[in-house]
């Protein structure tokens, strides 16, 4: 049997050291989306968008402020800091790259592609994110190359048994 575990047994602990949690990423993206739609974002708007209580939103936003990812203007409207903006941009790029890779290259359904991308969009390192983006652009940049890969994966599903279709 091949050992697939990393040499450093503590890698799993790095999960807790990510810059933002899944929840925090969605709070930041909600603030950004509200600014795009309404021109402002209030804590109550964020709570409504994320379907959480106002108390839960307030607690989460307090933590984001402490981490200097979010600030408030004099009217108490929420604003992303430069670092908060950078996090949102990175997470959104990761989501687009992952969902596109899953759907267009692996043939995963659009719903599953989006759900899986959402689960891991905030976990990738910048290095992995950039390499995956380059790979996706390369693979999808040539329709013949992309078709060959999709056909090869479909053939493997047929010959090795795809658990989704068994």
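Summary table
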quantity: Inter-site label distance for residue 85 and residue 21 at 7 Å from Cα along Cβ, in nm; calculated: 2.7 nm
quantity: Length added when fully stretched, residue 143-residue 54, from 0.36 nm per residue minus Cα-Cα; calculated: 27.3 nm
quantity: Where only C-alpha atoms are counted, convex hull volume of the stretch 17-97 per residue in Å³; calculated: 94 Å³
quantity: In nm, spacing of pseudo-spin labels at residue 153 and residue 96 (7 Å Cα→C-beta vector); calculated: 2.0 nm
quantity: Label-point separation, residue 33 to residue 128 (7 Å along Cα→Cβ), nm; calculated: 2.4 nm
quantity: Ranked packing of 47-59, 97-109, 134-146, most packed first, by mean Cβ within 10 Å; calculated: 97-109, 47-59, 134-146
quantity: Stokes-Einstein translational diffusion, the stretch 37-166 - Kirkwood Rh over all Cα pairs, 1.002 mPa s, 20 °C, in µm²/s; calculated: 123 µm²/s
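Each reported figure results from applying straightforward, stated rules to the coordinates on display, with no laboratory input. Here the structure is a predicted model, which is why all the values come from computation and not from measurement. Reconstructed Cβ throughout: ideal geometry from the backbone, glycine too, with neighbour counts over all protein chains shown.
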